[in-house]
Each structure stands twice: as structure tokens, then as C-alpha cells.
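These notes concern the structure reproduced below.
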């Protein structure tokens with residue numbers, strides 16, 4: 001039987017070591033259910049997880065079963081071990097102690113078994129260590145846990161995975177799946193500096209589920225942003241996106257993970273996991289959505305957006321760019337400093353990890369680039385040279401505000417607006433006429449900076465003051481959101497978007513874009529396209545409504561979206577009547 005596939009991506013299901021323990025008649029029935037709703041191309045057959053290890057013979061039987069039915073197979077390993085290993089010490093989630101010889105030997109055995117059966121093996125996102133036993137403490141010495149674990153897991157990648165796998169199967173390809181908690185990688189040993197060059201490929205976890213009730217703070221935009229970072233980390237070797245239906249309070253949240261994974265450019269989607277999905281209402285809904293996504297993806301070019309510089313092992317303002325991304329601001333995350341100035345560059349406190357950051361900023365601005373730095377970055381770099389660019393200084397004080405003003409008009413402001421409730425912001429001091437206001441917050445007879453700017457060389461640097469609760473960004477008045485969006489989105493696109501936050505705006509280099517409503521209520525936006533151009537709907541339930549032509553010749557359209565719905569559009573440069 002020939003492989004059945006979507007045109008723009010392939011679909012795979014990950015089967016844990018305990019998923020496929022039924023008879024082949026049962027597996028046939030379960031496969032029929034999946035194929036009724038999906039164009040299934042591949043299954044990942046896990047050989048080891050915790051206390052469960054499948055024999056080589058059983059793996060061969062399962063491999064033959066699926067391949068005889070036209071479905072490609074690959075192996076999988078979840079690097080966890082049961083309580084029998086490293087006894088006497090607690091290890092979160094069964095994480096492996098890689099300083100114990102018995103644990104190392106058992107893990108290497110699992111690698112060799114999988115590599116002997118499959119030419120491709122993926123490692124689920126427990127490939128880390130959180131062990132703090134006496135041996136680990138001794139090996140760590142005076143180093144930080146971060147330094148010790150980053151070095152240890154690079155060594156494990158080379159000596160317990162790549163070398164044994166190549167020994168039993170020279171054609172084997174080992175794939176590391178990175179989890180969604182990227183700003184905590186370094187704490188448990190995920191080494192994005194060294195591991196991508198050790199492994200044959202990588203995979204991206206795009207699980208965001210329901211952020212309101214999850215133990216991780218993962219804004220829904222993270223299903224898009226992390227894949228973009230990984231794509232720029234290892235161009236051409238980011239094999240796909242992986243998500244699940246765990247804790248998805250609403251089916252829309254499950255489907256949204258698929259949406260953003262496809263919009264980010266994923267060429268393979270892996271669903272975790274077989275046992276969770278084999279009798280789930282999520283399956284028919286996702287199958288319907290994938291058909292629509294396959295058609296929409298054909299019209300999308302390469303993702304573009306404001307650069308976000310996110311160096312290796314960075315931490316500071318956790319997922320702030322994702323909260324900002326949900327103001328309908330398109331971002332392009334990168335672990336490397338951008339080499340061009342075509343788009344604005346966002347710098348959060350995470351970028352302070354780069355010891356050369358001030359010099360990089362200086363060169364970027366002198367060449368004419370635009371930078372938006374956050375108040376968290378400014379505070380962290382206050383004594384490290386940021387005064388080169390702005391007069392703004394942290395005070396350690398805070399203020400709760402509700403009223404905002406935008407741009408200046410003579411000695412006052414041009415526009416005023418109010419949030420639905422008070423928001424708490426840090427207070428920054430600045431020198432009048434040294435730095436200038438774009439957005440301020442007002443209270444009584446006082447105002448504090450929200451968005452400021454300074455000129456430097458041929459460029460401009462903006463300072464964005466971030467509320468104490470990042471999610472409060474979504475409570476900003478629509479006028480403020482549109483101003484922030486205009487600064488961060490830049491003017492490189494042939495159209496303008498104005499309207500509320502709690503949305504995803506995904507833009508592409510062929511003048512196509514996707515707009516998705518993250519809010520629990522219907523929302524409306526306006527799109528202005530240049531003279532002579534037309535807004536063309538590619539996919540989406542509601543058609544954009546023409547509003548008229550502005551004095552500058554731009555045509556305005558209104559887009560209305562229900563909760564969790566989206567529209568895919570293209571700017572046609574040749575307007576046809």
C-alpha cells in the first residue's frame with residue numbers, strides 16, 4: 001500500500017512503550033479509526049520508557065505490521081528509569097542519573113536495541129538530568145548545576161547515544177526532541193549549543209495546552225515561536241512539531257497547537273500519544289482541521305517578523321516575547337544576532353546572557369537598525385553600559401495605572417484612552433528631551449513612561465516598560481496595542497494592522513498572513529493595504545468587509561473573527577474591480 005499524506009506536511013503518531021501491547025487484531029481496529037480521520041504517514045514506536053522495555057523481536061513485529069500497511073516507522077525512547085536505578089535518591093519524573101554506571105548501561109542498551117531495529121530514533125523530552133545524588137554532587141564540584149549538567153548531557157549525547165547507535169546501525173539517525181520549556185533548558189542539561197551538532201536532527205515540542213490551568217506558564221503563541229527559534233538554530237534539520245491533547249480544556253486549544261505548528265513551517269506533525277487518542281473526540285476534529293490547514297499552508301511563504309534575539313541558555317523575562325506575540329505582533333526568534341536591519345529587533349532581559357550585547361547593539365543602531373528593549377533588559381544592564389543608548393533608569397518604584405496617552409501634540413498628548421482595570425508598572429526616570437515619549441500612563445498629576453525612544457547613530461532604540469504581570473499586556477487599551485504593534489511590526493510589510501490584542505498575526509515573505517483570535521469573545525481588526533492593492537481571502541469563514549479608501553489612497557478592510565477562529569489572506573498588488 002502506498003503512503004497517504006497531506007501535501008504540505010506529514011502526520012505521525014507517537015506510540016509509547018505501553019501503547020501497543022494489544023494483539024494485532026486490536027491494532028488493526030485502532031488503526032482503522034485513525035485512518036478514518038487522518039492521512040497517517042508514520043508511527044514512532046517507543047522501545048523504552050521507565051520500567052518498560054520492548055524486545056527487539058516485538059519491535060520487529062510492530063514495525064512489519066505498520067510498514068505492510070504503507071505506514072513508515074521510526075523508533076522512540078523516553079530516557080527515564082524506574083526506582084531500581086539510583087536507589088535511595090529521589091529523581092523527578094524518573095530522570096536518569098548519568099553518573100551511575102548501572103543507569104548509563106541500561107540507557108545505552110535501550111539505544112542499541114532501538115537503533116538495531118529502526119533507522120531513525122527520536123528521544124522524547126525527558127532527555128535531561130535532575131539528579132542531585134552524592135556522585136552528582138562530587139562530579140559537579142564548585143561548578144553551578146547549569147555548567148555541570150550542560151557538559152554532562154553533551155557527553156551523554158555523544159557516548160551513550162551517537163557512538164552506540166552508529167556501532168549497531170551505521171545508517172541510523174538520532175533525533176533529539178526539545179521540550180516547550182526552553183527558558184529552563186540549561187537548568188537540567190538541554191544543551192542547544194552542542195547537541196544540535198551531535199545529533200542528526202532535532203524536533204520541537206509545540207505543546208501549550210491550556211495555559212490558564214497548566215503548571216507551566218506557556219502562552220499559546222509559544223506553539224509558534226519555539227519552532228521558529230529551532231528552525232533558525234538548525235536550518236533544514238528541524239524535523240517537525242510535536243503536541244498532545246493533555247489538559248486541553250477546550251478542543252479549540254488542541255486544534256490551535258496544530259494551527260500554529262503548521263503556520264510556523266513544520267513539515268511533520270507528531271501527535272502524542274497513541275493511547276490518549278485511539279478513542280478520543282479530538283481525532284475527528286483534528287482530522288477536519290488538518291485538511292483545512294493543508295490547503296492554507298500552500299499559500300504561505302517563509303515566516304517573517306520582528307527579530308527576537310534569544311541567545312543560548314537565556315533566561316530573565318520568561319516567555320515575554322510570547323505574551324507580546326499575543327498582541328498580534330509577528331516575531332521571528334533566533335539564537336544568532338541578526339545580520340540585517342530589515343525588521344525591528346526585540347531584546348528582553350534574556351539577551352543579557354550575551355556578554356557582547358552592548359557592542360552588538362551599538363553596531364546595529366549605527367547601521368540604521370531599530371531596537372526595542374524591555375524594562376527588564378534595561379534594569380539588568382543598568383550598570384553594564386545601557387546608558388550609552390538612553391537616559392532611562394530604573395527606580396525600584398511601581399505605580400498602578402489605568403489611563404494612557406499616546407504621542408505628543410505640542411505640550412500635551414495627542415490621544416487618551418483607558419484600560420478596563422488598573423495595571424501595575426515599574427517606574428523609570430528619564431531626562432526630558434533626552435528621551436522622548438510615545439506612550440505614557442497617567443495617574444492624577446503624574447505620568448510614567450510606557451514606550452520611549454532615543455536616537456542613536458542612524459537608528460532608533462525604543463524602551464518598552466513591561467507590566468509586572470506579563471499577561472496584563474492583553475488588558476492594554478486597543479489604541480496602545482496598535483501603537484506597540486506599529487513599532488514592533490515595522491514598515492517592511494505592504495499593509496497595516498490595527499485593532500485589539502489577544503490574537504496571533506503570522507506574516508510571510510510573499511505578502512500572505514494569518515490572523516487568529518485568541519480572545520474568548522469575537523474581535524475586529526482593520527487592515528489597510530496600499531493604493532492599487534486588494535486584500536484577498538484564502539481561507540476563513542468570514543470575508544473581509546471593505547470600509548473605503550483613506551486620504552493616502554490606502555484601502556481599509558474590516559476583519560471579524562469569532563473566538564479561536566482564523567483567516568488566511570494575501571495582499572494582491574493588482575486590484576481588480
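Each reported figure results from applying straightforward, stated rules to the coordinates on display, with no laboratory input. No experiment lies behind these values; they were computed from the predicted model shown. No Cβ is skipped: glycine too gets one built from the backbone with ideal geometry, and neighbour counts run over all protein chains shown.
Some values worked out for this structure:
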{"item": "Helix 251-263 vs. the chain, principal-axis angle (Cα, 0 to 90°, nearest 10)", "result": "80 degrees"}
{"item": "Degrees between helix 357-366 axis and first principal axis of the chain (Cα, 0 to 90, nearest 10)", "result": "50 degrees"}
{"item": "Zone residues, region 354-382, relative to residue 315, backbone N less than 16 Å from point 7 Å out along Cα-to-Cβ", "result": "354"}
{"item": "FRET efficiency estimate (nearest 0.05) - Cβ-Cβ, residue 167 to residue 574, R0 51 angstrom", "result": "0.30"}
{"item": "Length-normalised contact order of the chain in % [C-alpha pairs under 8 Å, at least 6 apart]", "result": "10 percent"}
{"item": "Ranked packing of 270-277, 551-558, most packed first, by mean Cβ within 10 Å", "result": "270-277, 551-558"}
{"item": "The chain - mean residue ellipticity at 222 nm from DSSP helices (-39,500 (n - 2.57) per run, n ≥ 4, rounded to 500)", "result": "-8000 deg cm²/dmol"}
{"item": "Full-extension gain in nm, residue 422 to residue 36, via 0.36 nm per residue minus C-alpha separation", "result": "133.9 nm"}
{"item": "Residue exposure sequence - 237, 493, 56, 485 - by fewest surrounding Cβ within 10 Å", "result": "56, 237, 493, 485"}
{"item": "Euclidean distance of C-alpha centroids, region 452-494 and region 520-577, integer Å", "result": "23 Å"}
{"item": "Label-point separation in nm, residue 562 to residue 359, each point 7 Å along Cα→Cβ", "result": "5.7 nm"}
{"item": "In degrees, nearest ten, helix 282-297 long axis to first principal axis of the chain (Cα)", "result": "60 degrees"}
{"item": "Amide N proximity, region 172-188 versus residue 214 label position 7 Å along Cα-to-Cβ, cut-off under 12 Å", "result": "179-182"}
{"item": "Fully extended contour minus Cα-Cα distance, from residue 7 to residue 67, at 0.36 nm per residue", "result": "19.6 nm"}
{"item": "Structure-derived semi-axes √(5λ) of the Cα gyration tensor in Å: which label, when the choices are [x] 37, 28, 23; [y] 60, 41, 22; [z] 44, 30, 19", "result": "[z]"}
{"item": "Expected-Rg normalisation [2.2 N^0.38 Å, Cα atoms] applied to region 10-298", "result": "0.98"}
{"item": "Expected-Rg normalisation [2.2 N^0.38 Å, Cα atoms] applied to region 1-125", "result": "1.17"}
{"item": "Length released on extending from residue 139 to residue 542, taking residue separation times 0.36 nm less the Cα-Cα span", "result": "139.0 nm"}
{"item": "Size-normalised alpha-carbon gyration radius of region 301-492, reference 2.2 N^0.38 Å", "result": "0.96"}
{"item": "Distance between modelled label sites at residue 486 and residue 469, nm, 7 Å Cα→Cβ extension", "result": "2.9 nm"}
{"item": "Computed FRET value (nearest 0.05) for residue 90 with residue 147, which takes r as the C-beta separation and R₀ as 22 Å", "result": "0.45"}
{"item": "At R0 = 41 Å, FRET efficiency that the Cβ-Cβ distance of residue 367 and residue 288 yields, to 0.05", "result": "0.30"}
